[in-house]
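Asker: This is the structure I want to talk about, given as structure tokens.
Read-outs throughout are calculated quantities, based only on the coordinates presented, and are distinct from any laboratory measurement. A quick note: this is a predicted structure, and the numbers were derived from the prediction, not measured. Backbone-built Cβ (ideal geometry, glycine too); neighbour counts: all protein chains shown.
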Amino acid sequence: MVTLLASIALTYTVFASAKRAGDEATQRSFDKLTSETKRLAADIANTIQTDGVILTAMADLLANQDLSNYRNPIVLEIMNSFNLDKTFIEDLQLLMPDGMILRRNGVWHNVSGLIDFETEANMGAYILDRTESFFAPGEYIMCSAVPAVRDGEVAAMLYGVVRLQTVSRIYKPDAYDGRAFTLIVDGNTGDILLDTWHNKLGNISELGGRKSLKGKGFEQAVEGIHDGGSGDMAFISQSTGKILYAHYEPVGINNWSVTLGVTEEVALAGTRGIVKVLYKMVTVVSVILLCYLAYVSWYLISARRSVYRMSTMDQGTGLLNQIAYGELLHKSEQRTISPAICVYIDANGLHELNNERGHEAGDLMLRFVAESLMEQFPKGFLYRVGGDEFVVFPAPAEGQTCEDRMCSASASITAQGYSISYGIAAHESVVGLRELVREADEKILESKRAYYAEHDRRVRK
């Protein structure tokens, strides 16, 4: 009896030890899945948030343009100036108040009746869950929407469009050497936004009815995804008959949830030599994450600098524009400038030239005036502040006065058949530049009177 009991106890101990080892191996597998899924969720959220930063910068830039002019080439130029290769975004669309949409390919579409601009404008910035494309029936998309706001009003809505079928085909997570599958699910509706497992996007409810391991049921997971929670599931694939281990986590965007899954053999392979593998994984993931963060930081800084340069440059002349001019005046208000020189320049006859020969001739004149000024003054001191008005804040130059340089510029411009009027204001020191600009502007009047007296036009008052 004692021997029997001892044998039973030993058998039970061995069985229990084997079961415990198996349970520990399974738990370690789910722990790894949890870690990988959280990282994947963070990567997806970071990518989408980065997309939002890019779209916001683009919307701010677009808001400064004349969006009512459908032939304004700068609008399309801005929409195509950003590199979207490292984003989920495949297309850009700009919705106007009249229901017209401009796509990145330059084609306009009338979507009146399909989308209401006022409703969109009131929503502000948001991310749209899965919906069917206006332009490709049967194609699912999602969008990041950002308003282009000018003077407190929404002038247009900018959409970053993601084609979900395309993303599902090309997106492969690096976890488990690419042997894992990924699902992104809208927890509110159950709609699948990304699926690297199946060939089509459906609803997660369609994947039910599978045999599951105890406590890891599929239906339980569907409920958890709907509630925005996290958890594990293990079920038998209907297509391969293999046990699949999976974990789901909220993404942090809308009520999205991301699921990462692998076959049982892949999941358990990581339990052998777990310490060694973990050290390697920590090292590799840390390097990848650091590289990724460094790249994102560099990309955002570069994008921000590019946007700022474009936003402060006059597209017609290449000089600094009104935005840069306003920033300079604002920054100067609380400090003393010594010495202080300002030249206010007016291109004479621009209105008449536009009327007689067209705006292209007027633009040519403005470019030549700008080039002539740049021959005399550094580009960073030159601003185009109006249709035909320029301002220069020159630094003192040895051997040549500001008046001498303006005479040279004026002579070059006159030789080309154009004319300018200018006024120079100079002080040993000033606090802020606004009064200096006003003084230089007033000094133009005498020159303008002479020009318009000669050309039979009333002088401005």
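Asker: Modelling each spin label as a point 7 Å along the Cα-to-Cβ direction, I'd like the Arg179/Tyr452 distance in nm, to one decimal.
Answerer: Modelled inter-label distance: 8.2 nm.
Asker: What are the residues whose amide H is under 5 Å from the amide H of Ala148, where those residues sit 5 or more places off or on another chain and H is modelled from the backbone?
Answerer: So Ala148 has HN proximity to Ala155, Ala156, Met157, Leu158.
Asker: Between Asn46 and Glu435, what FRET efficiency follows from the Cβ-Cβ distance if R0 is 51 Å, with the result rounded to 0.05?
Answerer: 0.60
Asker: How much length, in nm to one decimal, is gained on full extension between Glu132 and Thr414, taken as 0.36 nm per residue of separation minus their Cα-Cα distance?
Answerer: Gain in length upon complete extension: 95.5 nm.
Asker: I would also like to ask the following. Explain nothing, just compute: Karplus ³J(HN,Hα) = 6.51 cos²θ - 1.76 cosθ + 1.60, θ = phi - 60°, for every residue of segment 170-176 in order, whole Hz, x for Gly and Pro.
Answerer: 9, 7, 10, x, 7, 5, 6
Asker: Something else now. When the Karplus curve 6.51 cos²θ - 1.76 cosθ + 1.60 is applied with θ = phi - 60°, which whole-Hz ³J(HN,Hα) does each residue of segment 410-426 get, with x for Gly and Pro?
Answerer: Here the 3J(HN,Hα) series is 5, 5, 4, 5, 4, 4, 8, x, 10, 8, 10, 10, 8, x, 10, 10, 9 Hz.
Asker: Testing the spin-label approximation: label points 7 Å from Cα along Cα→Cβ at Ser237 and Met374. State their distance in nm.
Answerer: Computed distance between label sites Ser237 and Met374 equals 6.1 nm.
Asker: Something else now. Taking amide hydrogens as modeled 1.01 Å from N in the peptide plane, which residues meet the under 5 Å criterion relative to Ser419, leaving out close sequence neighbours?
Answerer: When sequence neighbours closer than 5 places are left aside, the close amide H contacts are Asn348.
Asker: Hey, can you grab everything whose amide H is under 5 Å from the amide H of Trp256? Only 5+ residues off in sequence or another chain; H modelled, so Pro and N-termini drop out.
Answerer: Gly187, Val251
Asker: Apply the Karplus parameterisation 6.51 cos²θ - 1.76 cosθ + 1.60, with θ equal to phi minus 60°, to every residue of segment 436-441 and state each ³J(HN,Hα) to the nearest whole Hz, in sequence, with x for glycine and proline.
Answerer: Karplus values, whole Hz, x for Gly and Pro: 5, 4, 4, 5, 5, 4.
Asker: Distance in nm between label sites at Asn80 and Met123, each 7 Å beyond Cα in the beta-carbon direction?
Answerer: Going by the 7 Å Cα→Cβ label model, 2.8 nm.
Asker: For segment 43-144, which chymotrypsin sites (Phe, Trp or Tyr not before Pro) pass both filters: DSSP loop (anything but H, G, I, E, B) and at most 16 other C-beta atoms within 10 Å?
Answerer: Tyr70, Phe134, Phe135
Asker: Then there is this: What trypsin sites (Lys or Arg not before Pro) does segment 209-248 have in DSSP loop regions with at most 15 other beta carbons within 10 Å?
Answerer: Arg210, Lys211, Lys214, Lys242
Asker: Less than 16 Å from a label point 7 Å out along the Cα-to-Cβ axis of Met313: which backbone N atoms in segment 373-387 qualify, by residue?
Answerer: Residues 379-384 qualify, since their backbone N sits under 16 Å from the label point.
Asker: P(r) for segment 313-373, please, calculated from all Cα pair distances in 5 Å bins and given in %.
Answerer: 4, 14, 19, 21, 16, 11, 8, 5, 2, 0
Asker: Right, here's the next one. Run through segment 317-392 and list the GluC sites (Glu not before Pro) located in a DSSP loop whose Cβ has at most 15 other Cβ atoms within 10 Å.
Answerer: In loop regions of segment 317-392 (DSSP not H, G, I, E or B), the sparsely surrounded GluC sites (Glu not before Pro) are Glu333.
Asker: Something else about it: Just list whichever of Lys38/Lys211; Lys86/Lys216; Lys86/Lys242; Lys331/Lys448 have alpha carbons separated by over 29 Å in the model shown.
Answerer: Flagged as over cut-off: Lys86/Lys216; Lys86/Lys242; Lys331/Lys448.
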